[in-house]
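What follows is a short report on a single structure.
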Amino acid sequence: MAKSASFGVMHLGIAFGVSYALTGSVTIAGAITLVEPLVNTVAHYFFDKAWDSPRARAWRARRAARRADRSSAPGEAPAAASA
């Protein structure tokens, strides 16, 4: 947990530094620093929902099966696909 918290603080510091360097405004840099993680959190929620959808799982299983078929040696049975 400490590592995640440290990374979060580092991320906010970098976001503020880059925003300030680009805008020259403490106010705008502060706003970007606060808004960007909120937008990313919402985007991550929807990304996870899409990733876990049955359609996405089926696509990943088909892709894994194709890769297993290509990587098996001649005469060997293909490896079982996993999600």
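Derivation of every value follows stated rules applied to the coordinates shown; laboratory data play no part. Computed from a prediction, not measured in an experiment: that's the story for all the values here.
For the reader, a short list of remarks on this structure follows.
- Gain on full extension, evaluated as 0.36 nm per residue between Ser53 and Ala31 minus their Cα-Cα distance, stands at 4.6 nm.
- Kyte-Doolittle at least -1.0, axis length at least 15 Å by Cα - qualifying DSSP helices, the chain: 2-23, 26-51
- Relative contact order for the chain, counting Cα pairs under 8 Å that sit 6 or more residues apart, in percent: 17 percent
- Using alpha carbons only, the radius of gyration of the chain set against its Kirkwood radius gives Rg/Rh = 1.30.
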